[in-house]
1. Quick one: ranking I198, I289 by accessible area, 1.4 Å probe, largest first, what do you get?
2. By per-residue mean of other Cβ atoms within 10 Å, what is the highest-first order of 334-340, 202-208?
3. Rounded to the nearest 0.05, what FRET efficiency do E131 and R314 have when you use their Cβ-Cβ distance and R0 = 51 Å?
4. In region 209-229, whose amide N lies under 19 Å from the spot 7 Å out along Cα-to-Cβ of Q359? List them in ranges.
5. Give the calculated FRET efficiency between R80 and K111 to the nearest 0.05, with a Förster radius of 35 Å applied to their Cβ-Cβ distance.
6. Between S341 and V44, 0.36 nm times their residue separation minus their Cα-Cα distance comes to what?
7. Given the peptides 76-84, 216-224, arrange them by the average over their residues of other C-beta atoms within 10 Å, most packed first.
8. With each pseudo-label sitting 7 Å past Cα toward Cβ, what's the R179-E147 distance in nm, one decimal?
Amino acid sequence: MVFGTSRHLLLLMACVFQITFMSNQLPLKAASSLAAWKFGEDGVLKLRTSIGAKLQAFFQDGQDGNGDRIWIDFPGEPIRPRSFDGSGPLEQIRVGQPQPGVTRLVIEFNKSVTFDPKTLQLVGTSPDLWELKFVDIPTIGLKSLGEGNLVRRPVEASLHTNFSSRGISTTIELPEIARGRYRVVIDPGHGGPDVGAIGIGGIRETDVVLDISIQVAKILDQKGVKVHLTRSSEVDLDLPPRVAMANRLAADAFVSIHANASRNIRKDVNGIETFYFTGSKGFRLASLIQNEVLKASPGSPNRGVRRSRFFVIRHTHMPAALVETGFLTGGLDSSRLAQQSHRSKISFAISRGILLYLQGGEIR
């Protein structure tokens with residue numbers, strides 16, 4: 001991020017090496033996307049957020065007897081406000097909620113410390129990790145301070161996950177396939193000015209499906225699949241280029257990920273459905289994905305596997321499926337899809353369905 005200009009308040013713009021990982025905010029009532037933070041003895045602030053979180057960082061020079069301060073706003077709300085006394089040049093760190101739907105992390109320095117805003121950059125080093133280096137601050141007496149674990153053990157990094165149905169915990173593993181043999185294209189629906197469906201609380205389809213798709217891509221990559229995303233950021237992408245990418249790559253499978261909406265926001269309409277266009281392979285791919293996503297969302301109605309003429313599955317030259325991960329307007333589905341933990345379960349389920357298809361697994 002670069003600083004905007006005003007006399008005392010400057011906006012840091014995130015300078016993200018992987019700019020494609022940024023996305024817009026989830027609904028205002030979502031839990032905070034700030035998962036962990038640490039201000040180290042080396043004067044470096046490290047952050048872990050939910051994947052794709054969009055951050056805004058601000059600088060304010062010291063005034064009224066206070067030192068320089070920097071604050072960073074994150075989508076979602078903190079569980080509670082809290083503050084931590086600093087050491088050395090660091091006066092205090094606070095976590096609060098300046099307005100509904102926002103978490104604010106404030107870093108305040110002693111009044112003896114001053115900064116040149118041009119030296120400050122909030123840098124995204126991965127989809128969920130960020131760093132802000134405070135150049136040339138005195139580190140004498142500075143002790144590490146933080147909350148949470150900066151090393152995330154995501155569901156996609158493990159070989160299994162746990163789903164619960166009727167109170168029974170079941171371990172589900174990812175199938176093994178030949179590494180480097182298969183190529184898959186994952187298509188997050190909509191993007192940019194086309195936000196897709198808008199559900200309860202303002203939850204947007206583009207935000208949900210981009211998060212899920214990036215997670216699916218990471219899981220498949222870990223399992224040795226050559227995976228490509230049609231988009232990995234909030235960009236406007238027409239339908240033909242998505243199809244053209246898959247056909248050019250001669251992918252083994254194409255999966256488009258979406259979220260549904262009902263007319264007039266009917267909260268009683270929920271459920272999972274997956275579409276294919278033609279062929280037994282397309283049907284098998286769609287069926288395997290449908291079955292796995294249903295396991296990850298117990299209670300969501302099974303709306304079935306159906307044929308459809310959606311452009312992206314009709315014009316691809318390989319087996320293709322389009323999965324609707326739930327209704328953003330549904331009372332059950334929308335509250336789940338707003339949660340990072342549920343989106344991770346859906347990502348795992350879609351990945352497992354794709355891997356079962358590549359492995360040649362039967363539909364059960």
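1. So, going from the largest accessible area down, we get I198, I289.
2. Highest-to-lowest ranking by the protection proxy: 202-208, 334-340.
3. Taking R0 as 51 Å, the efficiency between E131 and R314 is 0.70.
4. 216-227
5. 0.80
6. Length gained between S341 and V44: 104.1 nm.
7. 216-224, 76-84
8. It is 3.9 nm.
The values are calculated or read from the model by the stated rules, or taken from the named source; none is laboratory data. As the structure is a computational prediction, the values presented were derived from the model and not from experiment. Methodologically, a virtual Cβ is constructed for each residue, glycine included, from the backbone with ideal geometry; neighbour enumeration extends over all protein chains shown. Ligands, DNA and RNA are excluded from the accessible area calculation, which covers all protein heavy atoms including side chains. Shrake-Rupley method; radii C 1.70, N 1.55, O 1.52, S 1.80 Å.
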